[in-house]
Every structure is written in structure tokens, then in C-alpha cells.
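Colleague: Below is a structure I'd like to ask you about.
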Amino acid sequence: MALPAHTTKSFDSDLAELARAIAEMGGLAERQIAEAIAALTTRDSGRAQRNIEERAIEIIARRQPVAGDLRQVIGILRIANEVERIGDLAKNIGKRIIAIDGEDTPRTSMSGVNHMATLMLAQLRDVLDSFARRDVAKAVEVWTRDQEIDQLCTSLSQELLAYMMERPDGASLGAHLMFCTKNLERMGDHATNIAEAVHYMVKGESLSRDRPKADLTSMLSLDGGTCELRAESGRGR
């Protein structure tokens, strides 16, 4: 992985170590998402995030980086926090799927959830690759592509609302699946946050345009009332 020139080789080594930790944490989050759909969420991204945070603070105190060097460390801290949030959301999906285990799930909706999870995994892999390579163009491409996940979330939510209206006995199942789709959509938001952090790390400035957004779930209604879902953080955040 190519890194920008820094004041000392020891700082380069510290930064490379943090980058490796982010890569490992990202792989952990990817497995959490895949396992969440199979209801097997046993991994701890929170511990990985805390280790990165402690290491970054130690580097700041010991090396006292300035300007671009400090921006790299702060960017890594931001990315670790976003990956942890993704892991928390994956765990929540696992809990929801455990809750509906054995119920007769609508095949098309479950297929849509799986497709959405596949898109989210691609987003996460690509944005972490953009970080590893300091590839701003790829980060911006991930940032823009988040609309696909937003649109799928809205479509699936509409489908599940119709299912719940036609089958009142399936209201609990429909609600669980809707929260799964919303949590996946929130993961996409965290991936775009990582893309923005990569842009700032490399360019030293924030993206200058508004984030593209196509999630319309807050506008959906059930029996005349507004249906607004909030993704769960796993820690009350």
C-alpha cells in the first residue's frame, strides 16, 4: 500500500500498522454482515475499534503529528468509528432474523434483503479498498453509488407494507424485515461517511457537493399514518 511521505520512517510504520488494523476490522465487519443474514453474529468489531482508537491516541501523543500527518490519523479514527457502527447494525440484523426464524417469510422480500446485503458488502469492500489505496476517485464513486441501496430500501419497504396490509397476521414478520432493510440502508450511509473521510485524508478538504440521497421510507404510510423506521445502533445511539 502506497502511503504519503512523512517526517520519519517510524511514523510511516505506525500509520501502516493502523491501516492494517482498519483492513482487519473491515474484514470483520464484512463477515458480520454475511453472518447476520445467516443469524450468526458472534464477532466483536467494537473491541477492534477500541484497539485502533487507543493506538491512534498513543501515536498522536508520542509522534505529535501535524498538518497532513495528523489528518491521516484523525481520518483513520473516523473510519474505525464508522466500521464499528456497521458492525453494530449487522448484529441487530442477526437478532431480527433469529426472531423470525421458522416463520413463512415472503420469498421475494427475503430475496430483496439478500440482494441489498450483497450491494452493501460491495460498498464496504470498495470503500475500504479506496482507503487502502488512497483512491479518491473510487471513494467518490462509492459515495455516489449509495443511491442504489437507498432506492432498494424504499422499494422493499413499500413491498413489505403491502404484505402487512394484506396479511395482518404477518405484521410482526414484516416489521422485522423492514428494520433489516433500514439497517442495511444505514450501513450504506456509514460507507459514504468512510468515503468522505478518505476524500478529506487525501485532499485535505470535504466533498463540495451535497450527498446523493434516495431513501424515501419516512414518506411511506400504513393505514393513513406515516411509517418512519429508525435503524438501531445496538448501543442506544
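The values are calculated or read from the model by the stated rules, or taken from the named source; none is laboratory data. Source: prediction; values computed, not measured. Counting neighbours? That spans all protein chains shown, and the Cβs are built from the backbone with ideal geometry, glycine included.
Colleague: Taking the condition part of a helix (DSSP H, G or I), modelled with pLDDT of 90 or more and out of contact with any strand residue (DSSP E or B) (no Cβ under 7 Å at 6 or more places or on another chain), does Asp189 pass? Walk me through how you get there before you give the answer.
Modeller: Values: part of a helix (DSSP H, G or I): yes; modelled with pLDDT of 90 or more: yes; out of contact with any strand residue (DSSP E or B) (no Cβ under 7 Å at 6 or more places or on another chain): yes.
Yes.
Colleague: Continuing with this model, one more query. Please name all residue pairs, on different chains or six or more residues apart, with Cβ atoms under 6 Å, provided the first residue is in the stretch 194-211 and is at negative phi and touching a residue at least 24 places away in the same chain (Cβ under 8 Å) and the second residue is assigned to a helix (DSSP H, G or I) and among the basic types (Lys, Arg).
Modeller: Close Cβ pairs (under 6 Å, with a partner that is assigned to a helix (DSSP H, G or I) and among the basic types (Lys, Arg)) amount to Ala197/Arg78; Met201/Arg71.
Colleague: Also: Give the residues of the stretch 149-169 that are within 24 Å of Arg209 (Cα to Cα) and buried (at least 17 other Cβ atoms within 10 Å of the Cβ), sorted by residue number. First the steps, then the outcome.
Modeller: Residues of the stretch 149-169 that are within 24 Å of Arg209 (Cα to Cα), as a first pass: 149-154.
Selection gives Ile149, Asp150, Leu152, Cys153, Thr154.
Colleague: Which condition number in (1) under 18 Å from Cys153 (Cβ atoms); (2) assigned to a helix (DSSP H, G or I) is the one that Thr105 fails?
Modeller: All conditions are met except number (2).
Colleague: Report whether or not Lys91 is of a type in the set (Lys, Arg), surrounded by fewer than 20 Cβ atoms within 10 Å (Cβ to Cβ) and in contact (Cβ under 8 Å) with a residue 40 or more places away in the chain. So that I can check it myself, show each step before the final result.
Modeller: Working: of a type in the set (Lys, Arg): yes; surrounded by fewer than 20 Cβ atoms within 10 Å (Cβ to Cβ): no; in contact (Cβ under 8 Å) with a residue 40 or more places away in the chain: yes.
Here the answer is no, as Lys91 does not meet what is asked.
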